[in-house]
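Below: one structure, written as C-alpha cells.
The values are calculated or read from the model by the stated rules, or taken from the named source; none is laboratory data. Keep in mind that what you see is a predicted model, and the values were worked out from it rather than measured. Here the Cβ is made from the backbone with ideal geometry for all residues, glycine too, and neighbour counts use every protein chain on show.
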Amino acid sequence: MSRSVHIKKDDRVVVISGKDKGKTGKILAVFPKENRVLVERVNLSKHHAKRQGYNQQGGIIERESPVNMSNVMLICPRCNRQARTTRKQLETGFRVRVCAKCNEVAERE
C-alpha cells in the first residue's frame with residue numbers, strides 16, 4: 001500500500017508541534033512506511049559512539065531523529081510562508097503541488 005506524502009526530500013519545512021515547535025529545516029530523508037521524516041537540526045538526540053580505529057574519535061554525538069510527518073508543514077518557496085498544499089494536474093499530464101495560499105506551483109527547481 002503506497003502512502004500519500006505531502007513533502008519530499010530537500011523541501012524546507014517548519015515544525016508545527018512538539019518540543020521543537022517553530023524550528024525550520026531541510027528534509028534529509030522521508031520514511032513513508034513509518035510516516036516519519038528526518039529534518040535537519042530538529043529533534044536532536046545524543047548517541048554514545050565508541051571509537052572506531054585510530055582515526056575516528058569516540059564520544060557523545062548529537063544527531064537527528066525522525067519526527068512524525070503530520071508535525072511538519074511545507075514552507076512555500078514562492079511566498080515564503082508555511083502553507084497547505086493541494087495537487088493539480090497540468091496540461092502535460094504531470095501532477096504538481098500547489099500552494100493553497102498563493103496558488104503558485106510549490107515544486108522546487
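Sort through ARG81, ARG87 and tell me the only one that's surrounded by 12 or more Cβ atoms within 10 Å (Cβ to Cβ) and not acidic (Asp, Glu).
ARG81
If I filter the range 1-34 down to residues being hydrophobic (A, V, I, L, M, F, W, C) and in a loop (DSSP other than H, G, I, E, B), which single residue comes out as surrounded by the most Cβ atoms within 10 Å (Cβ to Cβ)?
Step by step, filter the range 1-34, then rank; the result is ILE7.
Given the conditions (1) surrounded by fewer than 17 Cβ atoms within 10 Å (Cβ to Cβ); (2) among the small types (Gly, Ala, Ser); (3) modelled with pLDDT under 90, and given that GLY59 satisfies all but one, which numbered condition is not satisfied?
Single failed check for GLY59: (3).
Go over the candidates LYS50, LYS21, LYS26 one by one and state the one that is within 26 Å of GLU104 (Cβ to Cβ) and of a type in the set (D, E, K, R).
LYS26
How about the range 18-56: which of its residues are within 15 Å of ILE75 (Cα to Cα), over 10 Å from the mean Cα position of the chain (by Cα) and of a type in the set (Ser, Thr, Tyr)?
Those that are within 15 Å of ILE75 (Cα to Cα), over 10 Å from the mean Cα position of the chain (by Cα) and of a type in the set (Ser, Thr, Tyr): none in the range 18-56.
All but one of (1) modelled with pLDDT under 95; (2) part of a loop (DSSP other than H, G, I, E, B) hold for VAL42, so report the exception by its number.
Result: VAL42 passes all but (1).
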